[in-house]
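J.: Before anything else, here's the structure in question.
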Amino acid sequence: MHKRWLRNGGLLLLVCGLAALAWAAWAAFSPVTAASRDALFEIPAGTWARRMAGDKIEILPDTIRLTLGVNDVLLLKNLDDVPQVFGPALIMPGQSFRLPFEQASTYSFACTAHASGQMNVIVDPHPERGWPALRWRLRRLASAV
């Protein structure tokens with residue numbers, strides 16, 4: 001019976017299961033880090049003109065999720081040829097605006113790059129080791145797909 005199980009892909013299934021278990025253990029217990037604490041979002045050239053022409057474009061997500069200690073600095077780059085307002089800041093064409101966050105919370109900002117005129121930033125606490133780190137990595141993996 002064991003030979004038939006091995007021939008029918010059982011060994012491959014076992015190896016894949018062990019690999020998934022090893023990844024989950026690594027994801028849960030290794031420190032959560034990032035190459036940069038900046039989360040870059042760009043307002044592309046022509047955004048304002050397209051919106052004035054009646055295009056319903058969404059160039060930035062309605063909600064941006066950040067994580068304290070990992071990617072907790074929102075970096076907005078205005079590549080458009082008109083100024084854009086984000087919260088209290090006026091971002092001129094070609095300029096960038098960095099907004100660091102030091103507290104986990106949900107923030108709402110006025111944003112002229114959005115059709116709704118508003119954008120939310122959710123800042124999650126730094127994920128602790130174990131289930132929180134595993135959930136954080138899985139959510140990050142799912143958002144990249």
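The values are calculated or read from the model by the stated rules, or taken from the named source; none is laboratory data. Predicted model, so just to flag it, every value in this text is computed and none were measured. As a convention, Cβ positions derive from the backbone with ideal geometry for all residues, glycine included, and neighbour counts pool all protein chains shown.
J.: Only one residue in 45, 49, 22 is at pLDDT below 70, more than 20 Å from the chain's Cα centre (by Cα) and not in a strand (DSSP E or B). Which one?
T.: 22
J.: Taking the stated definitions as given, is residue 84 on the phi < 0 side of the Ramachandran plot, without any contact (Cβ under 8 Å) to a residue 40 or more places away in the chain and surrounded by 13 or more Cβ atoms within 10 Å (Cβ to Cβ)?
T.: On the way: on the phi < 0 side of the Ramachandran plot: yes; without any contact (Cβ under 8 Å) to a residue 40 or more places away in the chain: no; surrounded by 13 or more Cβ atoms within 10 Å (Cβ to Cβ): yes.
The answer is no for residue 84.
J.: Might you let me know whether the stretch 101-123 holds any residue that is under 15 Å from residue 39 (Cα atoms) and small (Gly, Ala, Ser)?
T.: No.
J.: Related question: Please tell me if residue 132 is surrounded by 14 or more Cβ atoms within 10 Å (Cβ to Cβ), in a loop (DSSP other than H, G, I, E, B) and not aliphatic (A, V, I, L, M). Explain how you work it out, then say what you get.
T.: Numbers: surrounded by 14 or more Cβ atoms within 10 Å (Cβ to Cβ): yes; in a loop (DSSP other than H, G, I, E, B): no; not aliphatic (A, V, I, L, M): yes.
Against the criterion (surrounded by 14 or more Cβ atoms within 10 Å (Cβ to Cβ), in a loop (DSSP other than H, G, I, E, B) and not aliphatic (A, V, I, L, M)), residue 132 does not qualify.
J.: Now for a different question. Could you check residue 93 against (1) in a loop (DSSP other than H, G, I, E, B); (2) over 19 Å from residue 38 (Cα atoms); (3) out of contact with any strand residue (DSSP E or B) (no Cβ under 8 Å at 6 or more places or on another chain) and say which number it fails?
T.: (3)
J.: Ok, one more. If you check residue 115 against the conditions, is it outside any loop (DSSP other than H, G, I, E, B), loosely packed, with under 15 Cβ neighbours inside 10 Å and more than 18 Å from the chain's Cα centre (by Cα)?
T.: Spelling it out, it is not the case that residue 115 is outside any loop (DSSP other than H, G, I, E, B), loosely packed, with under 15 Cβ neighbours inside 10 Å and more than 18 Å from the chain's Cα centre (by Cα).
J.: When the residues of the stretch 46-74 are filtered to those that are touching a strand residue (DSSP E or B) at 6+ places or on another chain (Cβ under 6 Å) and among the charged types (D, E, K, R), which remaining residue is nearest to residue 111 (Cα to Cα)?
T.: 65
J.: Return the residue satisfying two criteria in turn: it lies in the stretch 97-112 and is more than 15 Å from the chain's Cα centre (by Cα) and of a type in the set (Ser, Thr, Tyr), and of such residues it is surrounded by the most Cβ atoms within 10 Å (Cβ to Cβ).
T.: Top of the filtered list is 112.
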